[in-house]
Amino acid sequence: MSENMSETIALLSNVTVESLARRIEKESGLKVFTPPGFDTWRAELLNPSSGLWRSSIQTICVILHGPALLPNGVDAGFAKDLAELSGILSRAQAEHKDKVLLVSTLDLPSSPARPLAERNLSVQASAYWQSELEKMGVPVLDLAELAAETGRERFYSAKMWYFGSLPFSRQGELLLAQEILRAERAVRGERKKCLVLDLDNTLWGGVVGEDGVAGIDLASFGMGSQYRDVQRAAKELAQQGVLLAIASKNNREDALRPFKEHPHMVLKEEDFVKIKADWNPKVSNIEAIARELSIGLDSLVFIDDSPLEREAVKSALPEVAVPDFPDGDSSRLPGFMRQVARTYFTALRLGEEDLRKTEMYRTEARREAARSAHISLDDYLASLEMKLNVYRLGLDRAEEIARAAQLTQKTNQFNLTTRRYTEADIAAMIRDGRTRVWMAELRDRFGDYGRICLVIARLSDGPGEPAATIDTFLMSCRVMGRGVEDAVLGCVERSLAGEGVTAIRGEYRETNKNEPVREFWDKMGYELETNVPGEGVLWILRAPFNERRTKLCLNC
Amino acid sequence: MENILDILSEVLGTSVSEDSSVDNVAGWDSLKTLQVVMALDEAGYEIPLEKIAEIKSVRDILSFAVKAQ
């Protein structure tokens with residue numbers, strides 16, 4: 001921490017908080033101001049020349065230790081005492097509108113010998129204070145809730161209190177520091193916008209594609225209700241304006257069936273602003289979610305039970321928050337969801353806009369759907385303003401060769417032959433005079449997709465008709481359905497024609513992943529030539545090769 | 001004992017030995033003493049309230065701290 005960094009948080013309290021201040025600094029790297037003296041918080045708030053009002057300070061956090069505030073215990077006159085304190089806070093708030101006052105609730109233990117049938121003044125005083133804070137409209141630091149969740153025995157330390165006028169245990173202090181920082185993030189508006197959820201073993205137990213709707217674990221009571229509670233936590237976030245999305249590897253139909261048919265689903269299809277249930281990599285689906293919602297990747301939180309999926313997203317999209325999922329015990333899931341809500345989605349206050357946001361995005365989605373229903377695919381593709389650059393690969397750039405090899409290794413769906421090549425293989429092909437290697441890179445108005453397509457063609461040897469065979473044609477599934485493949489093939493055909501080729505053979509080798517491109521050559525106007533079961537299918541196109549229509553701005 | 005020295009080193013922000021004291025460790029003030037007692041408390045070493053004010057050195061802490069059962 002640099003010495004000249006200025007304080008952004010001020011801590012005020014009726015007890016010793018220097019130790020808490022240091023703890024906050026250690027946890028966050030921020031600098032914390034504590035005024036000199038003990039229990040001077042009222043005077044500081046009323047003093048116009050207090051150090052509190054220096055410009056660097058954004059948040060003034062007032063931590064009140066209930067028992068020290070009412071040292072003679074809670075008696076029937078508590079309202080008068082507490083009203084005086086809230087008066088001081090209100091005045092400070094009115095005079096210093098540039099600061100955010102963050103005020104704690106009061107944790108007041110009940111009197112040990114309280115008659116069982118009498119009204120509980122401690123509870124009433126806490127409630128009264130809470131309602132005063134609500135009237136003021138200040139953000140609240142719920143110290144009482146923190147103490148209740150931790151247990152007073154562990155949250156406080158009698159020894160620290162008597163020795164240093166510091167009521168909290170080390171653990172209590174740490175929790176309080178984290179809570180203050182959480183509030184501070186909310187004050188600064190660092191709230192995530194969208195929660196991306198997996199389905200199987202996250203929103204229900206089991207795999208719906210295998211177990212069927214009746215076989216998944218989800219109930220309103222007892223076993224299976226842990227998943228209902230997970231859904232309720234997500235639903236609550238949606239009601240607070242957090243956008244929900246799905247990224248699930250499933251057949252879409254299977255994935256949506258529980259939403260339509262299962263009696264205990266809390267979440268409905270319309271709670272989600274985006275549903276990506278297909279076999280595309282989650283990384284690309286998550287990117288698409290951010291792009292389609294026009295929010296940054298750093299606004300997303302991704303929850304998935306699979307460590308592999310989490311790792312993939314973490315390494316490919318480091319901006320996305322990927323909390324660790326509690327493994328091996330689904331009873332811990334609802335608590336995990338509460339933690340996620342607390343960590344990433346705390347808002348300072350709920351704006352009306354927040355509450356409407358899900359509805360807004362949904363309307364937008366519907367509008368988009370309606371628009372898509374009327375406009376032609378061509379219009380839509382044209383609206384993407386795609387720019388495609390197709391180029392021959394040379395030996396001069398090792399990095400290009402590495403990417404080409406990587407594409408052959410990783411691409412499964414849009415891969416006509418699924419031949420895996422190493423960098424050395426690719427380099428050898430480029431060196432070999434009879435092989436041509438092309439790559440294509442794509443950009444559109446939403447962003448840069450990078451190098452997404454690879455084509456390898458071999459020219460025929462010897463006498464006879466000058467022909468070429470497309471050994472490899474693959475494309476990243478992120479850019480499927482946009483006519484990119486047509487445009488790339490058009491470039492390749494033109495280039496081969498330029499070398500005098502009069503017949504091009506397209507090859508298809510079936511795998512259990514590349515079903516989507518089974519009809520590719522047929523669609524491209526190639527004619528079936530040979531079909532050798534187990535070997536592959538060869539298609540052929542003879543010159544002249546017609547120009548291929550495209551909605552892309554093409555450079556090749 | 002090693003555990004105690006580790007805790008002290010962490011809280012005081014510098015490696016301490018049995019010979020360390022408020023006189024030769026920079027920044028060891030009453031706030032630090034308080035944080036030391038808190039940390040020891042959490043690790044299961046109790047120092048009676050009556051002894052805390054007497055703490056002037058690592059040796060004091062070692063003699064006052066009692067491993068809680």
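Just so you know, all these numbers are worked out from the coordinates, no wet-lab data involved. Remember, it's a predicted structure, so these values are computed and weren't measured experimentally. Here Cβ is always computed from backbone atoms with ideal geometry, including for glycine, and neighbour counts include all displayed protein chains.
Residues of the range A:281-299 falling in the label zone of residue A:306, defined by backbone nitrogen less than 16 Å from a point 7 Å along Cα to beta-carbon, are A:281-287.
The phi torsions of the range A:514-524, fed into the Karplus equation with coefficients 6.51, -1.76 and 1.60 and a -60° offset, translate into couplings of 9, 3, x, 10, 3, 9, 3, 5, 4, 4, 7 Hz, rounded to whole numbers, with Gly and Pro shown as x. Between the range A:506-532 and the range A:444-502, what's the alpha-carbon centroid distance in Å? Spelled out, the Cα-based centre of one part sits 15 Å from the other. Computed from the C-alpha gyration tensor, the three semi-axes of the ellipsoid equivalent to the range A:81-193 are 26, 21, 14 Å, from longest to shortest.
For the range A:159-250, how big is Rg over Rh, using alpha carbon atoms and the Kirkwood form of Rh?
We get a ratio of 1.21 for the range A:159-250.
Unpaired Cys in chain A, meaning no second Cys C-beta under 4.7 Å: A:61, A:194, A:453, A:477, A:553.
Both radii are taken from the alpha-carbon atoms of the protein assembly as shown; with Rh as the Kirkwood radius, Rg/Rh is 1.11. For the range A:491-556, applying the loop criterion from DSSP together with a ceiling of 16 other beta carbons within 10 Å to the trypsin sites (Lys or Arg not before Pro) yields A:509, A:513, A:518, A:549.
Once the Cα atoms are used to define both axes, helix A:121-136 deviates from the longest principal axis of chain A by about 60 degrees.
Once the C-beta distance of residue A:90 and residue A:188 is scaled by a Förster radius of 30 Å, the resulting FRET efficiency is 0.80 to the nearest 0.05.
Under Stokes-Einstein, with the Kirkwood radius over Cα pairs as Rh, the value for the range A:194-369 at 20 °C and 1.002 mPa s is 132 µm²/s.
Taking a quarter of the surface of the Cα convex hull of the range A:9-187 gives a mean projected area of 10.2 nm².
If you plug the beta carbon distance of residue A:5 and residue A:295 into 1/(1 + (r/R0)^6) with R0 = 41 Å, you get a FRET efficiency near 0.85. Taking GluC sites (Glu not before Pro) across the range A:59-151, the ones in a DSSP loop with at most 15 further Cβ atoms lying within 10 angstrom of their Cβ are A:118. Take every Cα pair under 8 Å whose residues are at least 6 apart in sequence, average their separation, divide by the length of the range A:9-187, and the relative contact order is 24 percent.
If you bin all the Cα-Cα distances of the range A:383-555 at 10 Å, starting from zero, the percentages per bin are 10, 40, 40, 11, 1. Would you calculate a helix-derived [θ] at 222 nm for chain B, using -39,500 (n - 2.57) for each DSSP H run of n ≥ 4 and dividing by the full residue count, to the nearest 500? Helix-only estimate at 222 nm: -14000 deg cm²/dmol. Hydrodynamic radius of the range A:209-272 by the Kirkwood approach over all distinct alpha-carbon pairs: 12.4 Å. Geometric descriptor of the range A:286-326, per residue, is 58 Å³ (volume of the convex hull of the Cα atoms).
The Stokes-Einstein estimate for the range B:2-67, based on a Kirkwood radius over Cα pairs and taken at 20 °C with 1.002 mPa s viscosity, is a diffusion coefficient of 187 µm²/s. Each Lys and Arg Cβ is given +1 and each Asp and Glu Cβ -1; about its Cα centre, the range A:194-369 then shows a dipole of about 460 debye.
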